[in-house]
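Encoded as structure tokens, the structure appears first; notes follow it.
Please treat every number below as a calculation from the coordinates, not as lab data. Note that this is a predicted model, so its numbers are computed, not measured. Cβ atoms come from the backbone with ideal geometry, glycine included; neighbour counts cover every protein chain shown.
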Amino acid sequence: MSTPKRPARSDVPSTSPPGWADRAADQSQSVRRSRARTIEQAQGIVAAAQRLIEVKGSAFTTQELSKEAGIALQTFYRHFPSKDHLLLAVLEDVISDRMAEMAAAASELPDPVARLRFYILAALRSLRAEDGGTARQFITSEHWRLYQIFPDEMAQVNMPFAGLIERELRAAAESGLLRPHDPAADAWMAVNLVTSVYHHFAYAPRENIEAVTEQLWTFCSTAFGGRPPDE
């Protein structure tokens, strides 16, 4: 038989701060300024890493990074426990910014199917550019390596892309334009397919990238319940 717990003594001080202390800290101008400075400095470090990646991929050192960012090495480690944590932030930033650009560019398209096609094609069209190869290869090589270290965090990195596709799949289904089986699952599958093709062409010759891109859209639109092209 278990012994009943004694009621907490009112004369024993609590070890956690009271609620008003948290609220006071949140409302403190100095705390807000400190937080803003921390975010601004972290963003500067990520931007410096992106500049180095354009030239060297992920081969830069933390010493080179601190010089590029104009900070002390200790400052870097106050914001990021390791270089891998920084690379994770870079990937998240790059993909999030790209998704925001794609969403803005697609906003004027007439219907959800047109936006879906734009998203899937736009994700691969950057592969046609002659420049930017170092950045493309960085994304490919670091994507899977970081997945092994930060599986939960990396699972969230592609969520903005999956979210765009799922939103348009649901809109297309409501309009009777497509018949997806499960918009969330279909979006996840499409993102992984597009990612695999992107990673392949980041290193492989890209002579037939345009034809493959169109084939990919045909495959996806048919899987989403659209009509085959010959219909």
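Note on the range 104-231: with charges restricted to the Cβ of Lys and Arg (+1) and Asp and Glu (-1), its dipole about the Cα centre is near 80 debye.
Can you give the direction-averaged projected area of the convex hull of the alpha-carbon atoms in the range 66-128, in nm²?
With every direction weighted equally, the projected area is 6.1 nm².
For the range 45-168, the calculated P(r), taken from all Cα-Cα distances in 10 Å bins from zero up to the bin holding the longest distance, is 12, 38, 33, 14, 4, 0 percent.
Hey, how much of the P(r) for the range 110-231 falls beyond 17 Å, as a percent of Cα pairs? Roughly 58 percent, rounded to a whole number. Each label was represented as a point 7 Å from its Cα along the Cα-to-Cβ direction; for residue 54 and residue 175 these points are 3.6 nm apart.
Subtracting the Cα-Cα distance of residue 34 and residue 125 from 0.36 nm times their residue separation leaves 28.7 nm of extension gain. Each part reduced to its alpha carbon centroid, the range 133-175 and the range 97-113 end up 16 Å apart. Take the Kirkwood radius over Cα pairs of the range 33-109, plug it into Stokes-Einstein at 4 °C and 1.567 mPa s, and you get 97 µm²/s for translational diffusion.
Order these peptides, 144-150, 91-97, by their mean beta-carbon neighbour count within 10 angstrom, highest first.
Values: 144-150: 13.7, 91-97: 16.1.
Sorting 144-150, 91-97 by mean packing, highest first, produces 91-97, 144-150.
Calculation over all alpha carbon pairs of the range 144-192 in 5 angstrom steps from 0 returns a P(r) of 5, 22, 24, 18, 13, 8, 6, 3, 1 percent.
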